[in-house]
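Enquirer: Questions regarding the structure given below will be posed in turn.
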């Protein structure tokens, strides 16, 4: 009887084990499309054998644990490519806003208004006493100044928006590091209790993935299951069960926010994630573009005013400033020239078309028109200098787009590798389910037969 009951115990244990594995399969099938899910594998373990007389016999099987399939090296590669892609995405999105300000084909930018301005002087040269043509010159000058003003203000607005994005991104980073710290505290406790921490590890992997999309990260996994996180330059973000929040401080000169870790400015060292993309656009391309725009404005104001003063207006008076002269806030700097550019003349008769004071003379109007082809902006014509400015912006967007495509391909390959390693194969799980089902049925059959044998044996003993 003892051997029959022993066999029933083994079969029952097998029955429970097969039930458990089918539960594991059900969970995997349910999460087949869950982002970041790592499939669990049941670890079978033979229960300790025992002696029956002089014979050592098995006592059955049990599921020791459910172990998540993971590859930390593959995870780290995924984090590295994610931060590159996120950086390029945020940079390109930022630069698309800047590029839109110089889209000549869509009617934006300075090229047309710049050409119209010089062409208005050329038209006036054909009839220097014409009041409508003089008015057209003033209108073209006002339009040119307004376009400089609008473009400069738009650049400032975009830069301010990016600065707010930097502040918001730092807040998001701190929220994620707090979440990772919380998970770091739970994972070892679950593991020590002999339970599978796969779900918590998946949550932490997703948090790390999201964090890498915000800032460059370097992750170190410890033997106890915790993960420490720094920036690639070594600024601590997570140290085991303690987070190290980042802070922002407004920089006095630029008015922009810098990122600090424990009182140290780490802004220049940030090398990945959305944060890098925002900072590169905010602190590099936009200031460079703004500076070039101010250079064009300053040179035009100076050259046009000088030529205007060399001529005479319709009343035979010495020419006055055409544009309001620019007075720099800081000596040697053109900062603010585009924003401040404004028409100084208030009467069409003040346009100095004549070079000798006679009303019909057009030589100064011609000289003003010819400024278009003179190297008055850093050794280049206004049109060439502006074209280089537009090329700089377009080239930055184009390079970011090309690099983004390359990184996306690499990231997709890594994602496919992760899916093959960690992901759920429905075909494989269907096969496993049939295998476990057959084993379950066999164990149930053993229980049924043992029960019959035990019953018959009991009846025989009772009858005897």
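Enquirer: For the chain, what's the relative contact order in percent, using C-alpha pairs closer than 8 Å and at least 6 residues apart? Intermediate values should be presented prior to the final figure.
Expert: Numbers: 741 pairs, mean separation 109.1, N = 464.
Contact order relative to length: 24 percent.
Enquirer: Under the √(5λ) rule applied to the eigenvalues of the Cα gyration tensor, what semi-axes describe the equivalent ellipsoid of the range 376-426? Give them in Å, descending. Kindly include the intermediate steps, with their values, before the conclusion.
Expert: On the way: eigenvalues 444, 8, 5 Å².
One finds semi-axes of 47, 6, 5 Å for the range 376-426.
Enquirer: As a footprinting exposure proxy, order 101, 461 by other Cβ within 10 Å, with the fewest listed first. Spell out each step's value before the answer.
Expert: Working: 101 19, 461 9.
Taking fewest neighbouring Cβ atoms as first place, the list is 461, 101.
Enquirer: Something else now. If I fit a long axis through the Cα atoms of helix 2-30 and take the longest principal axis of the Cα atoms of the chain, what angle between them do I get, 0 to 90°, rounded to 10?
Expert: It is inclined by approximately 10 degrees.
Enquirer: For a protection proxy built on the mean count of beta-carbon atoms within 10 angstrom, sort 214-221, 270-277 highest first, please. Provide the component values of the computation, followed by the final result.
Expert: Working: 214-221: 21.1, 270-277: 24.4.
The densest-packed peptide leads the list: 270-277, 214-221.
Enquirer: Would you indicate which of [x] 38.0, 147; [y] 28.1, 86; [z] 24.0, 87 is the value of Rg and Dmax of the Cα atoms in Å derived from the coordinates of this structure?
Expert: [x]
Enquirer: What angle do you read, to the nearest 10 degrees and between 0 and 90, between the alpha-carbon axis of helix 286-309 and the longest principal axis of the chain?
Expert: 10
Enquirer: So for each of 238-248, 443-453 I average, over its residues, the number of other beta carbons within 10 Å; can you give me the resulting order with the highest mean first? Numbers along the way, then the final one.
Expert: Details: 238-248: 16.9, 443-453: 15.1.
Order by mean packing, descending: 238-248, 443-453.
Enquirer: Still on this structure, please answer the following. Tell me whether the range 179-299 comes out rounded, prolate or oblate; compute the Cα gyration tensor, take square roots of the eigenvalues as a ≥ b ≥ c, and use a/c under 1.5 as the rounded threshold.
Expert: Working: a/c = 4.28, a/b = 2.93, b/c = 1.46.
Cα axes put the range 179-299 in the prolate bin.
Enquirer: To continue, here is another question. Do the sum for the chain: with -39,500 (n - 2.57) for every DSSP H run of n ≥ 4, divided by all residues, what is the mean residue ellipticity at 222 nm, to the nearest 500 deg cm²/dmol?
Expert: Details: 11 runs with 274 residues, N = 464.
My calculation for the chain gives -21000 deg cm²/dmol from helical runs alone.
None of the figures in this text is laboratory data; all of them are computed from the coordinates on show. Quantities reported herein were computed from a predicted structural model and do not represent experimental measurements. FYI the Cβ positions are ideal-geometry reconstructions off the backbone, even for glycines, and counts take in every protein chain you see.
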